[in-house]
Amino acid sequence: MGLVYFEESFETAISERSMRRLTLASAGFLVLLSGSAWAADLGADLPMTAAGFDWTGYYAGLQAGYGWGRSDISGNDGGPFSVKPDIDGGFVGGHVAGLWQFDQAVIGAEADLNYASIDGTAEAGPANTFGTDIKWFGSIDAKAGYATDRVLIYGIGGVAFAGIETSQAAGTAFAQTHTSTGWTLGAGVDYAFTNNVVVGAQYRYYDFGKEHFDAPDTFADRDQDVKLQTLGVNFSYKF
């Protein structure tokens, strides 16, 4: 896959599921976009953007790619256990962003949401299979980079969230899906193919934190800790 999976990196994560956090993060995203628009309006009072393509503007587009990672499923009911399914699969989604360029520096905010089919299973004994399935994921991020005319190299990171299923088949079967909240960091490169069309590639690392699942009486309650890496390509339209 060209990249070494670093399972033990970034162990401290935002692990508690909280709708209040997502609301605050969404508000922050809108503030950043408003700040970008305000700064653009004051452009006459600021130093001119470097000669060449101007990255200041609002963007909307699509992305798709491949993800891989690992799920750590553990519990103590009826005796401790730990199973670690490897997960992989594809995703496709959309994004919106607002950017502001000052000289060659570019700052802004971005939000994305993806439909995913990233899953995997691991056996913990005869006829006892554990599974993890990332059904969707997204993030609300800050973005900062360095522009050289039509090329933008950037870093990105923020709050991440996902709908993740845990399942087990041991004679009978059960499956539950929870919304997990964590964080993400990444980097990418964009190229302005025309004044309105931007294409690019991006790498991301996600830590969705540990989520607790209450299982039926025939199964043990468990915690599921999911980490994911992705490589994707993106297409954006600049307004």
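Just so it is clear, none of the values below were taken in a lab; they were calculated from the coordinates. These numbers come from a predicted model, not from an experiment. Backbone-built Cβ (ideal geometry, glycine too); neighbour counts: all protein chains shown.
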Practice task
Subtract the Cα-Cα distance of Thr179 and Asp103 from 0.36 nm times their separation in residues, and report this length gain in nm to one decimal.
Solution key: 23.3 nm
Problem - Nitroxide proxy distance, nm - points 7 Å out along Cα→Cβ at Phe239 and Asp214 - result: 4.4 nm
Problem - In nm, spacing of pseudo-spin labels at Ala201 and Ala142 (7 Å Cα→C-beta vector) - result: 2.8 nm
Problem - Under Karplus coefficients 6.51, -1.76 and 1.60, residue-wise ³J(HN,Hα) of the range 227-239 in Hz, glycine/proline x - result: 10, 9, 10, 9, 10, x, 10, 9, 10, 10, 10, 8, 8
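As a footprinting exposure proxy, order Glu123, Glu165 by other Cβ within 10 Å, with the fewest listed first.
Numbers: Glu123 12, Glu165 16.
So the ranking, lowest neighbour count to highest, is Glu123, Glu165.
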Handout entry: Length released on extending from Lys135 to Tyr115, taking residue separation times 0.36 nm less the Cα-Cα span
Key = 6.6 nm
Practice task
Return an integer: the convex hull volume of the alpha-carbon atoms of the range 147-217, in Å³ per residue.
Solution key: 119 Å³
